[in-house]
Amino acid sequence: MPSNALRNQYVWGVATFGLGGLLVAAYRGVKLSIVVCTFCLVALAFASTVVYWFAKRKVWVGISSEGLRGPGFLGMRTTILWSHSVMLTPISPPSAGSVPGITVMKVDRDGIPTSLGSVFVPRAILQSASFQAALQKHAPAGHPLLVHTLRAA
């Protein structure tokens, strides 16, 4: 996942949670000292930094000459071969939370998607130059994911 996309997500999380806590405390009439507020914000920023560090090192989606590998429905790692028939959907799986992106779903011979044969690709990864270069290198011409990224670029 590109660092700037993760950083934006975590900075907004820390800011929203911290400001929300202060507003609730003010609404409830709780008097907080500057020391308590500072400690809470520093602890929240530290926890978010640790989570950010782990998320930055996670391999979200892998592309190889065989196919696409990444988190599928409920977060299970799934591989979709380039030879499989697929469809793209803008629906994010529950395990992705609020991260926008698309889900590449494997379909059977009748065109019905199989929920356990899907890979979620976050939008930040779709838009990265390295992902697009790897996709152009490995995906066969006419693959829906390749067509989608070329059209979006």
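Ala55 versus (1) within 22 Å of Pro144 (Cβ to Cβ); (2) surrounded by 12 or more Cβ atoms within 10 Å (Cβ to Cβ): which is the lone unmet condition?
Against the list (1) within 22 Å of Pro144 (Cβ to Cβ); (2) surrounded by 12 or more Cβ atoms within 10 Å (Cβ to Cβ), Ala55 comes up short only on (1).
Listed residues Val42, Val61, Val30; which is under 30 Å from Ile91 (Cβ atoms), modelled with pLDDT of 80 or more and of a type in the set (A, V, I, L, M)? Steps first, answer last, please.
On the way: Val42 fails: under 30 Å from Ile91 (Cβ atoms); Val30 fails: under 30 Å from Ile91 (Cβ atoms).
Of Val42, Val61, Val30, the one residue that is under 30 Å from Ile91 (Cβ atoms), modelled with pLDDT of 80 or more and of a type in the set (A, V, I, L, M) is Val61.
Taking into account only those residues within segment 10-33 that are without any contact (Cβ under 8 Å) to a residue 24 or more places away in the chain and aromatic (Phe, Trp, Tyr), which is surrounded by the fewest Cβ atoms within 10 Å (Cβ to Cβ)?
Tyr27
Would you point out the residue of segment 105-125, among those that are surrounded by 19 or more Cβ atoms within 10 Å (Cβ to Cβ) and in contact with a Pro (Cβ under 6 Å, 6 or more places away or on another chain), that is nearest to Ser85 (Cα to Cα)?
Residue satisfying both the conditions and the ranking: Met105.
Can you pull out the residues in segment 72-100 that are surrounded by 15 or more Cβ atoms within 10 Å (Cβ to Cβ) and modelled with pLDDT under 80? Outline the logic, then answer.
Of all residues in segment 72-100, those surrounded by 15 or more Cβ atoms within 10 Å (Cβ to Cβ) come to 72-73, 78-80, 82, 84, 86, 92-93, 96, 99.
Listed by number, the residues that qualify are Gly72, Phe73, Ser92, Pro93, Ala96, Val99.
Would you point out which residue out of Val147, Val121 is under 29 Å from Gly13 (Cα atoms) and of a type in the set (A, V, I, L, M)? So that I can check it myself, show each step before the final result.
Values: Val147 fails: under 29 Å from Gly13 (Cα atoms).
Selected residue: Val121, the only one of Val147, Val121 that is under 29 Å from Gly13 (Cα atoms) and of a type in the set (A, V, I, L, M).
For segment 126-153, what are the residues that are exposed (fewer than 10 other Cβ atoms within 10 Å of the Cβ), part of a helix (DSSP H, G or I) and among the small types (Gly, Ala, Ser)?
Ala129 - this is the single residue of segment 126-153 that is exposed (fewer than 10 other Cβ atoms within 10 Å of the Cβ), part of a helix (DSSP H, G or I) and among the small types (Gly, Ala, Ser).
The values are calculated or read from the model by the stated rules, or taken from the named source; none is laboratory data. Just so you know, these numbers come straight off a predicted model, no measurement behind them. Backbone-built Cβ (ideal geometry, glycine too); neighbour counts: all protein chains shown.
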